[in-house]
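The values are calculated or read from the model by the stated rules, or taken from the named source; none is laboratory data. Bear in mind the structure is a predicted one, so any value in this text is a computation, not a measurement. Note that each Cβ is placed from the backbone with ideal geometry, even for glycine, and that neighbours are counted across all protein chains shown.
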Amino acid sequence: MSTEASPSSAPTVRSAPVRRRRRGRAVGVLIVTVVAVVAALAPALPLADPNRTQPSRRLAPPLSPDHALGSDHLGRDLLSRVVWGARVSLVVGVLATLLAMLAGTAIGLVTGFYGGLTDNLAMRGIDLIMAFPYILLAMLLVAALGPGLVNAMVAVAVVNVSFYTRGVRAAVLLLREQEFVEAARAVGSTEGRILRRHILPGIAGPILVFVSMNIGVMITESAGLSFIGLGAQPPTADWGTMLADGRQFITVAAHVAAIPGLAIFVLVLGCNLLGDGLRDALDPRLR
Amino acid sequence: MLGSDDAVAAGAILRPPARACQDGVALPSRAGPSYTRADRMRRYLTHRLLSALLVLVGVSFVVFLALHMAPGDPAQVLLGPMATPSELTNLRTQLGLDRPMIVQYGRWAGRAVQGDLGRSIMLRRPVLPELARRFQATLILAGGALVLAFPTGILLGMLAATRPGSPIDGLSRVVAMVGISMPAFWVGLLLIIGFSVKLGWLPGTGMYSPAGDGGARDLLAHLILPAVTLSLVPLAIVSRLTRSSMLDVIAQDYVRTARAKGASETRVIGWHAFRNTLVALVTVLGLQVGYLLAGAVYVETVFAWPGIGFMMVNAILTRDFPLVQGGVLLIAATYVAINLATDFLYAVVDPRVRHVH
């Protein structure tokens with residue numbers, strides 16, 4: 001869009017952002033890879049049991065002997081809990097995103113391709129969901145299902161289904177009118193085959209970009225629900241719960257709350273940079 | 001999603017195709033009678049108002065249904081664990097819980113329309129006055145955040161758009177990326193640690209009544225940290241949106257014409273270009289006010305701000321469903337009303353909207 005601004009200034013305007021975006025993407029890949037590898041290897045790493053309490057060592061500051069990042073109010077090792085918490089955050093973020101993506105894509109594909117009454121009804125349902133601020137809807141669902149990590153994950157997934165449905169439906173509406181779809185129909189392809197072989201590959205790129213950008217939102221939202229007591233419950237090593245626990249001790253041991261929050265920030269930043277980078281890589285206008 | 005320059009420029013998508021028009025002159029339509037500008041505006045507003053009412057009915061049904069399906073028996077909650085089966089049956093009959101769900105919804109909605117949202121189980125008080133008191137505090141907080149986020153975001157976005165590739169452009173990019181990646185509940189805690197615990201400049205918590213306990217100065221002192229925290233996400237989004245919309249607009253022929261006519265750069269950017277970014281900004285304003293009202297829940301929890309979000313979290317944890325129902329309904333209705341107001345604003349800032357409809 002904006003690259004057409006002024007031909008004379010275009011090279012300088014475009015080259016610097018492209019370099020910056022590539023750097024950002026590299027940083028994003030690095031952060032997400034490191035966090036994912038550390039989280040996957042957590043059981044094999046020489047870390048203390050994340051739930052082992054040591055009342056005599058409570059609220060130890062960072063760089064203490066045996067506690068590189070300090071300990072919490074029950075004397076549990078913060079480094080260990082942050083590493084194990086990464087597993088929870090990543091699993092919840094990825095699973096919630098996959099749930100939302102699968103449901104949203106399926107609904108968007110069917111409604112966009114077939115249209116008619118199904119499309120009309122589904123779209124009114126989506127309009128209704130979108131009439132709620134999404135955090136509020138997630139809270140309402142948790143209120144109905146009951147607090148807990150799985151319910152919080154389902155809630156943030158359900159809330160995000162509408163975004164996928166809308167995006168996929170809009171893309172399918174464009175694709176179904178293309179000549180290659182008409183050609184496939186002319187040679188006798190079934191509707192199911194057209195959807196699978198011709199439409200789905202056409203929307204895979206945008207879905208991938210949206211997924212990569214959505215994971216960060218899911219991680220923040222599920223951590224947020226845990227922070228207010230509606231997600232993961234103690235003693236699960238979850239970043240949101242750890243932050244909530246640490247809040248009570250910020251006057252004497254600020255690191256207990258600051259460190260899990262920093263972990264959320266770094267991981268979400270990595271996901272967002274990666275998502276931005278993927279979008280740029282797949283969008284020819286931004287190359 | 002949020003950090004994308006193009007994706008957030010939702011206004012561009014919402015803009016209807018341009019049609020030539022003159023104020024006060026009826027445009028010929030393709031078929032049927034021609035309408036004056038006032039007729040079109042009236043029809044447009046009526047149509048939007050009816051749609052909003054329908055959405056509101058749907059929203060109220062979803063709220064009712066969600067909590068109706070929640071596990072647990074309201075009669076048991078009210079009577080406690082020692083209640084006998086006959087007492088439970090009597091209370092269920094008395095409350096109408098033995099009636100079909102649609103009848104229960106009708107009764108609940110009928111009472112809600114008259115301002116009766118029931119009684120809070122935990123507070124043992126009517127829900128509506130409690131909601132009104134709490135909502136006032138949330139509005140103060142959301143208003144503070146809005147006042148911080150929009151002017152700052154617009155200014156940052158305009159500076160970035162007029163100096164692409166410069167340090168200020170880089171700064172706006174960093175602010176946007178960091179702003180959407182930092183969880184509000186963590187930022188709030190960092191601000192409390194920095195400005196309240198370490199420096200002692202501002203109170204971190206301690207607001208007990210929505211209007212402030214020690215006058216306007218006290219309210220302002222308590223408001224600064226939560227409002228700054230809540231403003232970060234909208235600031236990030238507004239700055240990126242302003243930048244991308246402004247870059248699009250600056251490339252238009254009419255801006256080149258304005259420059260060719262000798263208009264100063266301040267006038268070209270501040271008047272000609274900025275006016276055309278307003279539709280996109282109005283879109284994001286509507287969406288962000290919704291975010292501020294509902295997203296305030298985290299900030300209110302961190303700062304113990306006596307708002308509706310903080311109240312609802314406690315209500316969910318204690319299974320106080322009348323309070324949850326009322327709170328969700330109030331925020332959702334406000335959100336619907338804001339979306340409606342946003343649509344009206346489109347018609348004000350963009351004449352093409354009125355004419356197309």
**Request:** Out of the residues in region B:287-327 that are under 14 Å from the mean Cα position of the chain (by Cα), of a type in the set (A, V, I, L, M) and at pLDDT below 90, state the one that is surrounded by the most Cβ atoms within 10 Å (Cβ to Cβ).
**Result:** B:Ala296
**Message:** For region A:128-137, give me each residue that is at the interface with chain B (Cβ under 9 Å from one of its Cβ atoms) and assigned to a helix (DSSP H, G or I).
**Reply:** A:Leu128, A:Ile129, A:Tyr134, A:Ile135, A:Leu136, A:Leu137
**Message:** I'd like the residue in region B:36-77 that is among the small types (Gly, Ala, Ser) and within 14 Å of chain A (Cβ to nearest Cβ) and, out of all such residues, is nearest to A:Leu128 (Cα to Cα).
**Reply:** B:Gly58
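Would you call A:Ala103 within 22 Å of A:Ala244 (Cα to Cα) and either of a type outside the set (D, E, K, R) or part of a loop (DSSP other than H, G, I, E, B) (or both)?
No.
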**Request:** From (1) at pLDDT 90 or above; (2) over 30 Å from B:Gly270 (Cβ atoms), pick out the condition that doesn't hold for B:Leu97.
**Result:** (1)
**Request:** Evaluate the following for A:Val88: is it touching an Asp or Glu at 6+ places or on another chain (Cβ under 6 Å), aliphatic (A, V, I, L, M) and away from chain B (no Cβ under 12 Å)?
**Result:** yes
**Filter result for A:Leu267 (within 16 Å of the chain's Cα centre (by Cα), at the interface with chain B (Cβ under 10 Å from one of its Cβ atoms) and within 30 Å of B:Lys198 (Cβ to Cβ))** = yes
**Fill in**
Of A:Gly229, A:Gly216, the only residue that is in a loop (DSSP other than H, G, I, E, B), under 22 Å from the mean Cα position of the chain (by Cα) and at the interface with another protein chain (Cβ under 9 Å from one of its Cβ atoms) is A:Gly229
**Prompt:** Taking the condition closer than 30 Å to B:Leu189 by Cα and of a type in the set (Phe, Trp, Tyr), does B:Trp271 pass?
**Reply:** no
**Prompt:** Would you pick out the residues in region B:38-57 that are of a type in the set (Gly, Ala, Ser) and surrounded by fewer than 17 Cβ atoms within 10 Å (Cβ to Cβ)?
**Reply:** B:Ala38, B:Ser51
**Prompt:** Can you name the number of the only condition in (1) out of contact with any Leu (no Cβ under 9 Å at 6 or more places or on another chain); (2) part of a helix (DSSP H, G or I); (3) loosely packed, with under 15 Cβ neighbours inside 10 Å that B:Thr205 fails?
**Reply:** (2)
**Message:** Which count do you get for residues in region B:223-248 that are modelled with pLDDT under 90 and farther than 14 Å from B:Leu159 by Cα?
**Reply:** 1
**Request:** From A:Gly240, A:Gly275, grab the single residue that is at pLDDT 90 or above, outside any loop (DSSP other than H, G, I, E, B), crowded, with 18+ Cβ neighbours inside 10 Å and not polar (S, T, N, Q).
**Result:** A:Gly240
**Complete:** Counting only residues in region A:8-17 that are exposed (fewer than 13 other Cβ atoms within 10 Å of the Cβ) and in a helix (DSSP H, G or I), the one modelled with the highest pLDDT is identified as A:Ser15
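Yes/no matrix, rows are residues, columns are (1) under 26 Å from B:Trp305 (Cα atoms); (2) more than 10 Å from chain A (Cβ to nearest Cβ):
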residue: B:Ala161; (1), (2): no, no
residue: B:Pro183; (1), (2): yes, no
residue: B:Trp186; (1), (2): yes, no
residue: B:Ile192; (1), (2): yes, no
residue: B:Lys198; (1), (2): yes, no
residue: B:Gly214; (1), (2): yes, yes
residue: B:Arg217; (1), (2): yes, yes
residue: B:Ala221; (1), (2): yes, yes
**Message:** Suppose we filter A:Pro234, A:Pro206 for residues that are in a loop (DSSP other than H, G, I, E, B) and at pLDDT below 90; which single one remains?
**Reply:** A:Pro234
**Asked** helices (runs of 4 or more DSSP H) wholly in region B:244-357 with at least 2 residues that are among the polar types (S, T, N, Q) and within 11 Å of another protein chain (Cβ to nearest Cβ) - which ones?
**Response** B:274-303, B:321-349
**Request:** Please specify each residue of region B:163-173 satisfying the condition of being part of a helix (DSSP H, G or I) and more than 10 Å from chain A (Cβ to nearest Cβ).
**Result:** B:Pro167, B:Ile168, B:Leu171, B:Ser172
**Asked** For region A:143-155, how many residues are surrounded by fewer than 24 Cβ atoms within 10 Å (Cβ to Cβ), in a helix (DSSP H, G or I) and within 7 Å of chain B (Cβ to nearest Cβ)?
**Response** 1
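Let's see how each residue does on (1) modelled with pLDDT under 90; (2) part of a helix (DSSP H, G or I); (3) surrounded by fewer than 14 Cβ atoms within 10 Å (Cβ to Cβ); (4) at negative phi:
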| site | (1), (2), (3), (4) |
| --- | --- |
| A:Arg25 | yes, yes, no, yes |
| A:Gly28 | no, yes, no, yes |
| A:Ile31 | no, yes, no, yes |
| A:Ala48 | yes, no, no, yes |
| A:Leu74 | no, no, no, yes |
| A:Leu90 | no, yes, no, yes |
| A:Leu109 | no, yes, no, yes |
| A:Asn120 | yes, yes, yes, yes |
| A:Met123 | yes, yes, no, yes |
**Item:** Boolean, A:Phe163 is within 11 Å of another protein chain (Cβ to nearest Cβ), among the hydrophobic types (A, V, I, L, M, F, W, C), outside any helix (DSSP H, G or I) and buried (at least 18 other Cβ atoms within 10 Å of the Cβ)
**Value:** no
